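The values are calculated or read from the model by the stated rules, or taken from the named source; none is laboratory data. As the structure is a computational prediction, the values presented were derived from the model and not from experiment. Note: ideal-geometry Cβ built from the backbone for every residue, glycine included; neighbour counts use all protein chains shown. We work out accessible area using only protein heavy atoms, side chains counted, and drop any ligands, DNA or RNA first. Shrake-Rupley method; radii C 1.70, N 1.55, O 1.52, S 1.80 Å.
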Amino acid sequence: MKNTRAILAAALLTGLPVAAYSQGTTAPADAFLYIIWPPDGTTVKGAFWCRFGLRNMGVTQAGSNAVNSGHHHLLIDVNEPLDPNEPIPQDKTHLHFGAGQTEARIELPPGKHTLQLVLGDARHYPFNPPVISKKITITIK
Amino acid sequence: MSDADRTRGQIHSIRGGKDDPPPPEGPLRRLASILAADISGYSRLMELDEEGTYARVIRQRRELIEPTLAEHHGKLIKYTGDGFLAMFDSPVEAVRCAIVIQQSMVGRNTSLPREQWILYRIGVHLGDVIVEPSDVYGDGVNIAARLEGIASPGDVYVSGGVYEQIKNKLVCAYQSLGDRQVKNITDPVSVYRVLPDPAALSQARRKRWPVALLAVLLVSVIAILGGWYLLLLQKQIANQGPTLAGTPGSPAASSSAPQPLPTPAPMPVEKPKGSPSVSAPAQVPLEKPKESSSPTPATVGIAAQLIPEMVSIPGGTFAMGSEDDPSEKPTHRVTIKPFAISKFPITVREWNACVAAKSCTYVPTGKDDGPIANLSWADAQQFVEWLSKVTQKPVRLPTEAEWEYAARGGTRSKFWWGDQLQAAMANCKGCNEPYESSQPLKVGSFKPNPFGLYDMGGNIHQWVADCWHKNYQGAPSDGSAWVDNDCLSHVIRSGSWKNDPNYVRPSSRDHYDTSVRYPTHGLRIAQSL
């Protein structure tokens, strides 16, 4: 558990400048979001299944106000910090999984890419504190 | 995802009550289609009228269940408290039997008040089971029972194995519900909902109303709409709002019409200057009998004016797609039939008419003349279905090809105005200074394209009829919507005020989960001519 917290803290510090979060739904302090596969630093050939891991919280559909539950968003090559007071953007680099998906088939052009998960609440806002995974880097052959 | 509490290989009875071990001499195993059914809300029905419900259930068993099973060569294994378990050799027969039972129940229920309806939930699975003279056991039975458990009342859910066997043999529509983890079964089961009529698929996601109720509702809705519209029109005369500015005639003129209108009220079409291709869309003559109670000619006249301003788009052939993004390849030729498309995205005001009619479930916030936003595809579908019904015009979402053809306005360039980004042409992040990030601008804030259409690129995402396909490999070339049964994600077009200029391009395309709302997603409507 100590380990988990340390990783979470590290992820928060590197991934997101902590600002005022007025909109976000509260998340348990021990919520832990992570990418099960691919592991950080992997080289992948072609398309792959990205699998999303979440501990101490549940996955639900967007729009559902179930307590301590949210839905996944996968950020691909996103460098701008997330605005905690805005819904998570929707475009080709912010993929939404509002139907409650826990994995996705990802196809990226060859080269280095970063992947990061963010959990969104019923209205697609980040939680408070943000539930965000470590940003990993993979290489597509 | 936790892998805990999974028990595999253990053999359970259907209700999980008994855990009988198989006979010592080795059980008889066989492949069979298992049909599990139960009555939804049985204890509620029993509480309501114990003897009456029991008598009806017994009668249904005798008159409906047993003969239908026999007719489809099924074998009744047993009756459970509120349902039954049956076994078939053929999955086709099992599903046919399930459909017949469900449809017969609809007939039996219609004469009764809603709270007395007996609705079965049915699951069908094809699996290897252990057969004993008076029962069957095994995973296969459990899965059928789990499918039944997740089925909606009145529905038939089948597993992927059954679907594979029946998909080309039974003329039904099948809605994929994805893979479901079911209790005590290790591997997820792919689940399909069987819709007896292929046409029912498009309606599958909206609420289904009993016909009688709908008729009553429609009358009251139209009455409400009439009153609401008068109010709205008064407001509008004061505001000179842009969206219905072309509305001809006064409400007094149309509501005082004593007999059916000889010619329908003209559609509110405004001809923008310098746009030769714009003309009034064709009218569908209204042929309502004089004594018809619903809708009256006057209310239909008013309802017709609920149609937003439409612009006719001539047919033609164009190169759809681009080389700018993998999803837009390959560029391919598409021929479009003439159609009409709304001049602006649908506004909050226009949407609220549907909410007032209780036909759209999403209640929006935001300014009246702003685009309606935060819609799922299913929401957008509710709107076009409602508008079609009240106006008696076949209003629909545009197809993806129609949308791009309309957005290009006859041009081949990157943007409709040229290859370079220009200020004051579209609302996007990075298009203009100053930039308002919190909400979309009111519709029609920038220049129209050569077809006279506003906001075809930027300001608000627009749902179209097509299912998402990651590129155009295999896309239709006749301008029709590219749809398939297995459609959990639909195409969005136009980009929104939140996206960068790349999304403003007429060929840019993206997608989103069909059932999920997002704050930048709205719609515009179309109609075939």
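Odds and ends about this structure:
- Hey, B:Val516 among the β-branched types (Val, Ile, Thr) and within 25 Å of B:Thr365 (Cα to Cα) or not: yes
- Here B:Gly457 does not qualify as of a type in the set (Gly, Ala, Ser), assigned to a loop (DSSP other than H, G, I, E, B) and surrounded by fewer than 16 Cβ atoms within 10 Å (Cβ to Cβ).
- Neighbours by Cβ (under 8 Å, 6+ apart or cross-chain): first from segment A:99-111, more than 8 Å from chain B (Cβ to nearest Cβ); second surrounded by fewer than 16 Cβ atoms within 10 Å (Cβ to Cβ) and among the polar types (S, T, N, Q): A:Gly111/A:Thr139
- If the condition is being farther than 13 Å from B:Asn485 by Cβ and in a loop (DSSP other than H, G, I, E, B), then segment B:172-182 contributes B:Gln181, B:Val182.
- Taking first residues from segment B:91-109 that are open to solvent by 50 Å² or more (accessible area, probe 1.4 Å) and partners that are of a type outside the set (S, T, N, Q), the Cβ contacts under 6 Å between residues at least 6 apart in sequence or on separate chains come to B:Arg96/B:His72.
- Complete set of residues in segment B:134-154 that are surrounded by fewer than 21 Cβ atoms within 10 Å (Cβ to Cβ) and in a loop (DSSP other than H, G, I, E, B): B:Ser134, B:Ser152, B:Pro153, B:Gly154
- The single condition among (1) surrounded by fewer than 16 Cβ atoms within 10 Å (Cβ to Cβ); (2) within 14 Å of chain B (Cβ to nearest Cβ); (3) not small (Gly, Ala, Ser) that A:Asp83 does not satisfy is (1).
- In the set (1) within 14 Å of chain A (Cβ to nearest Cβ); (2) under 26 Å from the mean Cα position of the chain (by Cα); (3) more than 17 Å from A:His96 (Cα to Cα); (4) open to solvent by less than 30 Å² (accessible area, probe 1.4 Å), the condition left unmet by B:Gln473 is number (4).
- Residues being within 13 Å of another protein chain (Cβ to nearest Cβ), open to solvent by 10 Å² or more (accessible area, probe 1.4 Å) and either touching a Leu at 6+ places or on another chain (Cβ under 6 Å) or of a type in the set (D, E, K, R) (or both) - total across segment B:481-529: 6
- Meets criteria (without any contact (Cβ under 8 Å) to a residue 40 or more places away in the chain, over 24 Å from the mean Cα position of the chain (by Cα) and open to solvent by 20 Å² or more (accessible area, probe 1.4 Å)) for B:Leu126: no
- Where a residue in segment B:159-170 is farther than 10 Å from B:Tyr192 by Cβ and its partner, wherever it lies, is open to solvent by 80 Å² or more (accessible area, probe 1.4 Å), with Cβ under 9 Å and at least six apart: B:Leu170/B:Arg96
- Being outside any loop (DSSP other than H, G, I, E, B) and among the β-branched types (Val, Ile, Thr) is a description that does not apply to B:Ile185.
The rows are residues; the columns are (1) in a strand (DSSP E or B); (2) touching an Asp or Glu at 6+ places or on another chain (Cβ under 9 Å); (3) more than 27 Å from B:Cys172 (Cβ to Cβ).
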{"position": "B:Ala37", "(1), (2), (3)": "yes, yes, no"}
{"position": "B:Leu45", "(1), (2), (3)": "no, yes, yes"}
{"position": "B:Glu63", "(1), (2), (3)": "no, no, no"}
{"position": "B:Gly81", "(1), (2), (3)": "no, yes, yes"}
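- Residue count for segment B:24-54 under the criterion of being of a type in the set (D, E, K, R), open to solvent by 100 Å² or more (accessible area, probe 1.4 Å) and under 28 Å from B:Val158 (Cα atoms): the result is 2.
- Inspection of segment A:45-53 finds a residue satisfying the criterion of being over 11 Å from the mean Cα position of the chain (by Cα), part of a loop (DSSP other than H, G, I, E, B) and within 12 Å of another protein chain (Cβ to nearest Cβ).
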